[in-house]
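Q: Structure incoming, see below.
Throughout, read-outs are computed from the coordinates displayed, never taken from laboratory work. Note that the structure is a prediction, hence the values are computed from the model and not measured.
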C-alpha cells in the first residue's frame, strides 16, 4: 500500500516530513563517514579483506582519487608560487630595461651605470668580501690587491634571476 501525501492529515504529514528529514540526514552522515579514512577502515574490517568485493574496489579507488587530488593541489600551489615569482621577476627586468633605455637614443650607458641599475632592480647584490670569491664570473681576485681585501671590498654577485638557479629548483 502506497500512501499519498494528500491522504495524511497535516499533523501526520508534518511528522512524516520530520521523520524523512532525519532519515535523509542519517543517510548522508553514514555516506560521508564511509568516505573518511576511519569509515573506510571500518568497512574493510567488516568485509574481512575480501579484495574482490565491489565495495573494497570502490574504497581503493576513492583513496587513489584522494591521493591524486592532494598531489594536484600541491602542484597547483607550486604553479601559483612560480607564477607569482615570475611576475615579480618580469617587473624587475622591465624596470632594468627602462633604466637602460632612458639614455637612448642620444645617451650612452657605461658599466658603472649598468651595475647601479642592476643593483636598483635586484639583479646584482653587493657583498663585502675580505678574500677573493674565486667563483665563476667574478674577477675580484684579479682586480683587487691583498691589502684591499684586508680592508674589505664590495663584490657584486648575480642574483638567482641572472644565474638561473631559481628556475632549476622543482
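Q: Suppose the chain between residue 76 and residue 113 were pulled fully straight at 0.36 nm per residue; how much longer would it get relative to their current alpha carbon spacing?
A: Values: separation 37, 0.36 × 37 = 13.32 nm, distance 4.00 nm.
In short, 9.3 nm is gained.
Q: Between residue 67 and residue 36, what length in nm is gained on full extension when 0.36 nm per residue of separation is reduced by their alpha carbon distance?
A: Details: separation 31, 0.36 × 31 = 11.16 nm, distance 1.31 nm.
Fully extending the segment from residue 67 to residue 36 adds 9.8 nm.
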